[in-house]
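Colleague: Once you've had a glance at the structure underneath, I'll fire off some questions.
The values are calculated or read from the model by the stated rules, or taken from the named source; none is laboratory data. Bear in mind that the values here come from a model prediction, so they are computed numbers and not experimental data. As a convention, Cβ positions derive from the backbone with ideal geometry for all residues, glycine included, and neighbour counts pool all protein chains shown. What goes into the accessible areas is simple: the full protein's heavy atoms, side chains included, and nothing from ligands, DNA or RNA. Shrake-Rupley method; radii C 1.70, N 1.55, O 1.52, S 1.80 Å.
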Amino acid sequence: MPPLPASAPTPILIIGAGIGGLSAAIRLARLGYPVRLLEAREQGGGLASGFTLQGFSFDSGPYILLDQPGLAWAFQQLSIPPEALPLRPIEAVYHVLQEDGSTTAFDRSLAATAARFDTQHPGSGARYADFVDRTFRIHQIMKPLTFTNHPTPLAVLRAGGWRHVPFLLSSLGAVLERAALPLPVRKGISIWTHIAGQPVREAPSPMAFVPGLFHHVGSFYPVGGMRAIPELLEKTAREAGVVISYGTKVARIHTSKGAVTGVATTVGEVVPAAAIISNAAGIGTYTELVRDIAPKEKQKLEALPLQSPGVCVYLAVRGLNPPYYIRFKLRGTGCTAFVQPGLLAPELAQDGWYPARLIAPLDHATAAALGPDGQRELMDELLVDPWWQENVAEYRVLHRRTTFEWGREFTLYHDSMNPVMTAKFMRQGRLAHRSPLVRGLYLTGSATHPGQWVSFCAISGVLAADCLAQDFPRHA
């Protein structure tokens with residue numbers, strides 16, 4: 001592709017100021033490209049953004065940083081110093097109330113967690129420690145592939161993955177069964193697949209890396225909350241010279257002869273572009289923004305299962321239930337989460353009241369079947385369930401979000417966050433950063449990387465920007 005002239009006026013457009021879009025914008029600006037970022041909302045950060053209710057500070061979506069090394073890698077590529085994002089380590093990570101009334105708890109300390117399991121299920125402590133160490137070794141071997149664009153099976157084998165082909169071809173459920181861990185421990189490990197609204201038998205095996213990450217690396221809560229990550233990225237983007245246009249929703253990506261030429265906004269503005277990075281939904285980019293994609297390609301994309309954001313109740317609570325930052329309750333094939341940031345950030349308190357969230361992940365089909373009224377009834381049921389109210393003297397409901405409200409407020413594709421990262425989808429290959437269907441179009445965000453974690457989104461922004469820079473070299 002031809003190089004971009006140094007004088008080209010804002011030739012690079014980025015659609016969406018989520019974590020991936022902001023990261024891509026910074027990367028390109030650092031490389032000398034003029035960049036304009038178009039965001040439909042009046043605020044950046046997407047689902048990772050935050051807001052304030054009655055003086056209480058809340059994160060909208062993500063509530064834990066599980067992959068600090070991945071985010072650190074992205075920050076290094078973006079020339080953001082590590083000290084720019086101070087982190088609080090989480091020692092008591094999460095607690096699971098099982099359906100039979102028993103509990104399973106996970107701490108930062110592997111020794112303490114394994115010892116507790118051994119007391120509950122004699123002989124399981126050593127098996128759990130072995131499982132964590134073994135899966136973490138596989139993670140360390142495979143980790144470099146996280147920082148590459150669309151790794152191929154050959155790249156996996158060259159990285160040493162040939163030793164672990166049975167693991168990589170398995171589902172999380174199969175990996176956990178082979179580990180011979182007690183069922184409550186397996187359910188505790190797989191709680192993160194419930195958040196994605198997918199059965200354990202369909203979840204990808206790399207989900208088994210999560211215990212190794214918080215035991216060997218640690219899990220963290222940024223000072224200022226998860227919202228501090230997109231706030232730092234937005235500040236950095238502006239300092240790098242990125243032009244951010246809020247309240248600007250893209251209605252269409254224009255193409256000519258199979259290549260992008262620009263975008264049209266919902267208010268009729270036509271913005272030319274030599275290349276475009278879309279941080280809008282990956283599926284929606286192809287099925288809604290680009291009008292001349294072949295029907296067969298659209299049908300394949302539309303057939304991918306979607307991940308719902310679930311429902312969320314934002315609370316003010318008087319009192320906290322220490323020590324676990326997240327408390328889960330299993331319910332059938334799903335779960336409920338009670339998130340208590342006040343345990344990590346006591347400065348959030350106001351006159352003895354703390355912000356907290358009650359979250360119920362839902363699979364996409366269930367969310368649609370319930371409808372708005374059914375989802376509100378579900379939230380009513382969650383609120384009166386006494387399990388989360390231990391040591392909480394009072395609570396006030398400040399705000400509720402159904403999946404439909406998530407979709408409307410965050411301009412989500414079919415009220416979803418991204419395609420569910422199933423084992424099958426991961427093996428087949430995620431949506432490519434460099435579009436194989438439209439020249440000059442690039443994708444970033446969770447649909448192009450292993451999942452919804454903010455670290456993956458930041459990494460994908462860097463990789464999408466690097467693909468663009470390779471195809472459109474900037475000559476001074």
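Colleague: Does R201 qualify as being open to solvent by 40 Å² or more (accessible area, probe 1.4 Å), touching a residue at least 24 places away in the same chain (Cβ under 8 Å) and in the same structural domain as G70 (by the TED database)?
Modeller: Criteria not met by R201.
Colleague: Can you name the residue in the range 225-243 that is charged (D, E, K, R) and either under 21 Å from the mean Cα position of the chain (by Cα) or assigned to a loop (DSSP other than H, G, I, E, B) (or both) and, of all such residues, is surrounded by the fewest Cβ atoms within 10 Å (Cβ to Cβ)? Even if it seems obvious, please write down each step before you answer.
Modeller: Initial filter on the range 225-243 (charged (D, E, K, R)): 227, 231, 234-235, 238-239.
Filter again for either under 21 Å from the mean Cα position of the chain (by Cα) or assigned to a loop (DSSP other than H, G, I, E, B) (or both), leaving 227, 231, 234-235.
Details: R227: 22, E231: 21, E234: 22, K235: 14.
Step by step, filter the range 225-243, then rank; the result is K235.
Colleague: Looking at (1) touching a Phe, Trp or Tyr at 6+ places or on another chain (Cβ under 8 Å); (2) farther than 13 Å from G319 by Cβ; (3) buried (at least 18 other Cβ atoms within 10 Å of the Cβ), can you tell me which one A367 breaks?
Modeller: Failing condition for A367: (1).
Colleague: Taking F220 as the residue in question, decide whether it is at pLDDT below 95 and open to solvent by 10 Å² or more (accessible area, probe 1.4 Å).
Modeller: Numbers: at pLDDT below 95: no; open to solvent by 10 Å² or more (accessible area, probe 1.4 Å): yes.
It is false that F220 is at pLDDT below 95 and open to solvent by 10 Å² or more (accessible area, probe 1.4 Å).
Colleague: For the range 299-333, how many residues meet the condition of being open to solvent by less than 30 Å² (accessible area, probe 1.4 Å), within 22 Å of the chain's Cα centre (by Cα) and either at pLDDT 95 or above or within 22 Å of G55 (Cβ to Cβ) (or both)?
Modeller: The number of residues fulfilling the criteria is 9.
Colleague: If you go through the range 244-260 one residue at a time, do you hit one that is surrounded by 17 or more Cβ atoms within 10 Å (Cβ to Cβ) and free of Cβ contacts under 8 Å to residues at least 60 places away in the same chain?
Modeller: For the range 244-260, residues surrounded by 17 or more Cβ atoms within 10 Å (Cβ to Cβ) and free of Cβ contacts under 8 Å to residues at least 60 places away in the same chain: present.
Colleague: Related question: Name the single residue that is surrounded by the most Cβ atoms within 10 Å (Cβ to Cβ) among those in the range 177-197 being without any contact (Cβ under 8 Å) to a residue 12 or more places away in the chain and not basic (K, R).
Modeller: For the range 177-197, the residue satisfying everything is E177.
Colleague: Can you tell me which condition W353 does not meet? The list is (1) within 21 Å of the chain's Cα centre (by Cα); (2) under 18 Å from D59 (Cα atoms), and all the others hold.
Modeller: Just one mismatch for W353, condition (1).
Colleague: Moving on. Does D133 qualify as being acidic (D, E), touching a Leu at 6+ places or on another chain (Cβ under 9 Å) and open to solvent by 20 Å² or more (accessible area, probe 1.4 Å)?
Modeller: Answer is yes for this residue.
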